[in-house]
1. Val222 - would you say it is in a helix (DSSP H, G or I) and aliphatic (A, V, I, L, M)?
2. Scan segment 193-205 and report the pairs whose first residue is basic (Lys, Arg) and whose second residue is in a helix (DSSP H, G or I), with Cβ atoms within less than 7 Å and a gap of 6+ or a chain change.
3. Would a scan of segment 52-67 turn up a residue that is surrounded by 14 or more Cβ atoms within 10 Å (Cβ to Cβ), in contact (Cβ under 8 Å) with a residue 60 or more places away in the chain, not in a helix (DSSP H, G or I) and not aliphatic (A, V, I, L, M)?
4. Mind checking which pairs have a first residue in segment 11-25 that is over 25 Å from Lys232 (Cβ atoms) and a second that is surrounded by 16 or more Cβ atoms within 10 Å (Cβ to Cβ) and β-branched (Val, Ile, Thr), Cβ under 6 Å, 6 or more apart or different chains?
5. Out of (1) among the polar types (S, T, N, Q); (2) at pLDDT 95 or above; (3) surrounded by 14 or more Cβ atoms within 10 Å (Cβ to Cβ); (4) more than 22 Å from the chain's Cα centre (by Cα), what's the single condition that is false for Asn84?
6. Return the only residue of Ser155, Ser241, Ser228, Ser209 being open to solvent by less than 10 Å² (accessible area, probe 1.4 Å) and of a type in the set (S, T, N, Q).
7. Answer yes if at least one residue in segment 83-92 is among the hydroxyl-bearing types (Ser, Thr, Tyr) and either out of contact with any helix residue (DSSP H, G or I) (no Cβ under 9 Å at 6 or more places or on another chain) or in a strand (DSSP E or B) (or both), and no otherwise.
8. Given the residues Ala171, Ala182, which is the only one that is part of a loop (DSSP other than H, G, I, E, B) and open to solvent by less than 50 Å² (accessible area, probe 1.4 Å)?
Amino acid sequence: MKPENCISERINKKIYRDGDRCIKLFDEVFSKADVLNEALNHARVEETGLNVPELFEVTRLDGKWAIVSQFIEGESLSELIASNPKKYDEYMEMFVDLQLKIQSKSCPLLSRLTDKMNRKIDLSDLDDTTKYDLHTRLDGMKKHVKLCHGDYTPSNIIITPDGTPYIIDWAHATQGNASADAARTYLTFCLEGNIAGAEKYLELFCTKSQTEKKYVQSWMPVVAASQSVKKKDKEKEILLSWVNVVDYE
């Protein structure tokens, strides 16, 4: 197996197609533990029965770690939105419905979302007082054990030719509060400059999940702080601007 047909390139990783297999090849900055943890997350989510690519193996190629999984033929939801703007509302409905399906599952062996966020807050550039306030806020949030994707965006949904959606990229999967995962998706739209899309997404999520909008908004400072680690300066500036937003609770 030799990676040759590169179909996507991301920061410090490349995605290749090898027949019916998808090879995610990581640069040296990813440790063995990082790659094995992503593969383990994927395997555990696979057991929930959601439409995710089948995990085949973790291996080494040209001295780099790689995860090999089933290749899903189709287009990403982000590509479909770009090529069919008139169907934007329909695609967003599908996007939110699929997220709620994910969050209806439990995956008790995954790491806890609150533990991960607490670690990320500690690694942020914030002052100690702000970190303490964020830890306190996080500790006071409702403790749930719903499956959270951790990077739920249209680019991580593949729609097959027959219309079946598959969810990919489970590196950041955790178990925790669904509203925290929604807050992260909202902030991702904002980072992409799609403020109108962020607001439409949030309205849809809150309506379909019967969640108060203010409750999801109350997660924004905590999620933004935890996501600011290792971000580019401009993205970090945007995220940290959310840390001191008005308390919505």
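The values are calculated or read from the model by the stated rules, or taken from the named source; none is laboratory data. Given the structure is predicted, the values throughout are model-derived calculations rather than measurements. Because the Cβ atoms are built from the backbone with ideal geometry, glycine has one as well, and the counts that use them run over all protein chains shown. Side chains included, ligands, DNA and RNA excluded: accessible areas come from the protein's heavy atoms. Shrake-Rupley method; radii C 1.70, N 1.55, O 1.52, S 1.80 Å.
1. The answer is yes for Val222.
2. Matching pairs, first to second residue: Lys200/Met92.
3. yes
4. Close Cβ pairs (under 6 Å, with a partner that is surrounded by 16 or more Cβ atoms within 10 Å (Cβ to Cβ) and β-branched (Val, Ile, Thr)) amount to Tyr16/Ile23; Arg21/Val68; Ile23/Val68.
5. (3) is the only condition that Asn84 fails.
6. Criteria check complete, one pass: Ser228.
7. Going through segment 83-92, the residues among the hydroxyl-bearing types (Ser, Thr, Tyr) turn out to be 83, 88, 91.
So of that shortlist, the ones also either out of contact with any helix residue (DSSP H, G or I) (no Cβ under 9 Å at 6 or more places or on another chain) or in a strand (DSSP E or B) (or both) come out as 83.
Checked against the condition, which is being among the hydroxyl-bearing types (Ser, Thr, Tyr) and either out of contact with any helix residue (DSSP H, G or I) (no Cβ under 9 Å at 6 or more places or on another chain) or in a strand (DSSP E or B) (or both), segment 83-92 yields at least one hit.
8. Answer to the check: Ala171.
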